[in-house]
Amino acid sequence: MTGAMDREELADWLRLGLTPGVGNTTARRLLTAFGLPNQVFVATAHSLEQLVGARVSAALHSEPAELPALLDLTWQWLQASPQQHRVLTLGDPAYPQSLLHMEDPPLLLYAMGAPESWTADGISTSMARSVAIVGSRNPTPQGAINAREFSRALAQQGLTIVSGLALGVDGAAHEGALEGAAPGQLATIAVVGTGLDRVYPRQHRDLAHRIAQRGVLLSEYPLGTPPISANFPRRNRVIAGLSCGTLVVEAALKSGSLITARLAAEQGKEVFAIPGSIHSTQARGCHALIRQGAKLVESAQDVLEELLPDTHADDPAKGTSGSDTPESDGENDVLQALGFLPMGLDALLARTGLDTATLQVRLMELELQGKLVRMPGGLFQRIIRA
């Protein structure tokens, strides 16, 4: 574990981040010119004005009113669990080196997670073998399964899975990573849009706790920061920056996942997308990415070929026929009639020629076997599993 900062040093970094007019880019310019934050605050007004102007220069010589409260809160948080809680600064050896190549790397990263992550090369080493998995907050049942199984397969090959702890694809990706990662492996990194002293969404409280045991939760936002809509698209650049590539599982055309994919492409990273039905709005974002040059992937091996070219996996995320359990002729007929799009009972009756009672029995059997799911509106959808 690298040496933790003392309270005075923490106060200087928090003050720099709280100063009006000082964002990540300006902070980096100041640090490049003057060194550590305490040296910024004692610089002459003239030298500061030449770099950032008179208004910001004056602000740097005045302590923000909210600093004492934030300092107390952050210091108490650090002392409560010194093995798991960290504040990583731009100058910290444990700061993810891949983020330094971004235009505006976070000045501070609040981190909570496995103690072995805080070695000088802990997170950075994992970032050399990482992939972001992102997508819709409201995926189809098949999309959620794809996210979990791709994540599990990639984690089994030693990759760290990066995502955003949101409902839907993000949560499924984190779960798959925790299932697939070996003991001692950094399983997953969750980049969140709130302070680390709160979990959003609340449904992921248990998941966040498990990630902290076997992975890392990261945020650039100070403790106490509530869920603010503008913060979530902004954290996507960190998700892209931490990863060697980004896999989009399902996404509508206006999905925030496409922001992550665009940022990854701008950073020179690989972008992958899983295709879907031409009739599904949740597939249109992926199809747009593929038209723009993203690699179409049908299995985890397709991702590994780009990120770890010498790796060959027994791939549980291949789009095969699913369960090894043989299907009866009747079950097979129903599944063939159902296809891969959601379908209502009346359409299935017309396609199969079965009477209502017989079809209902077969649908229930298939549902119990995990081969289909019931969806809102009385629809049924076929599921492909490993």
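If a residue counts only when it is under 25 Å from T225 (Cβ atoms), which helices (runs of 4 or more DSSP H) contained entirely in region 9-85 have at least 3 such residues? Explain how you work it out, then say what you get.
Working: elements: 24-34, 37-41, 45-52, 54-60, 67-80.
Result: 24-34, 37-41, 54-60, 67-80.
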* **Identity of the residue in region 219-239, among the aliphatic types (A, V, I, L, M) and in contact with a Gly (Cβ under 8 Å, 6 or more places away or on another chain), that ends up farthest from L108 (Cα to Cα)** => I228
* Structure fact -> Those helices (runs of 4 or more DSSP H) completely within region 173-276 that have 3 or more residues that are charged (D, E, K, R) and within 24 Å of P141 (Cα to Cα) are 205-214
* Residues of region 175-203 being free of Cβ contacts under 8 Å to residues at least 40 places away in the same chain and within 9 Å of the chain's Cα centre (by Cα), which ones? -> T188, A190
* To do: Please determine, by comparing only the residues of region 18-30 that are of a type outside the set (S, T, N, Q) and in contact with a helix residue (DSSP H, G or I) (Cβ under 7 Å, 6 or more places away or on another chain), which one is surrounded by the fewest Cβ atoms within 10 Å (Cβ to Cβ).
  => P20
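Out of I189, I133, I161, I123, report the one residue that is at pLDDT below 90, surrounded by 24 or more Cβ atoms within 10 Å (Cβ to Cβ) and in contact with a strand residue (DSSP E or B) (Cβ under 8 Å, 6 or more places away or on another chain).
Working: I189 fails: at pLDDT below 90; I133 fails: at pLDDT below 90; I161 fails: at pLDDT below 90.
Testing whether each residue is at pLDDT below 90, surrounded by 24 or more Cβ atoms within 10 Å (Cβ to Cβ) and in contact with a strand residue (DSSP E or B) (Cβ under 8 Å, 6 or more places away or on another chain) leaves just I123.
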* **Every pair of residues 6+ apart whose Cβ atoms lie under 9 Å, when the first sits in region 78-105 and is within 15 Å of A212 (Cβ to Cβ) while the second is in a loop (DSSP other than H, G, I, E, B) and modelled with pLDDT of 95 or more** => H85/L196
* Is it the case that S277 is assigned by TED's automatic domain parsing to the domain that holds G164, within 16 Å of the chain's Cα centre (by Cα) and at pLDDT below 95? -> no
* **Enumeration of residues in region 277-298 that are in a loop (DSSP other than H, G, I, E, B) and aliphatic (A, V, I, L, M)** => I278, A294, V297
* **Which numbered condition Q381 fails, given (1) farther than 20 Å from A283 by Cα; (2) modelled with pLDDT under 85; (3) not in a loop (DSSP other than H, G, I, E, B)** => (1)
* Check T356, T352 and return the single one that is in contact (Cβ under 8 Å) with a residue 12 or more places away in the chain and either touching a Pro at 6+ places or on another chain (Cβ under 6 Å) or polar (S, T, N, Q) (or both). => T352
* To do: Check off (1) surrounded by fewer than 24 Cβ atoms within 10 Å (Cβ to Cβ); (2) closer than 20 Å to R235 by Cβ; (3) in contact with a strand residue (DSSP E or B) (Cβ under 9 Å, 6 or more places away or on another chain) for G168 and give me the number that stays unchecked.
  => (3)
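Is it the case that some residue within region 226-233 is buried (at least 19 other Cβ atoms within 10 Å of the Cβ) and over 12 Å from the mean Cα position of the chain (by Cα)? Steps first, please.
Of region 226-233, the ones buried (at least 19 other Cβ atoms within 10 Å of the Cβ) are none.
No, region 226-233 has no match at all.
The values are calculated or read from the model by the stated rules, or taken from the named source; none is laboratory data. Bear in mind the structure is a predicted one, so any value in this text is a computation, not a measurement. With ideal geometry, Cβ positions are generated from the backbone for all residues, glycine too; neighbour counts draw on all protein chains shown.
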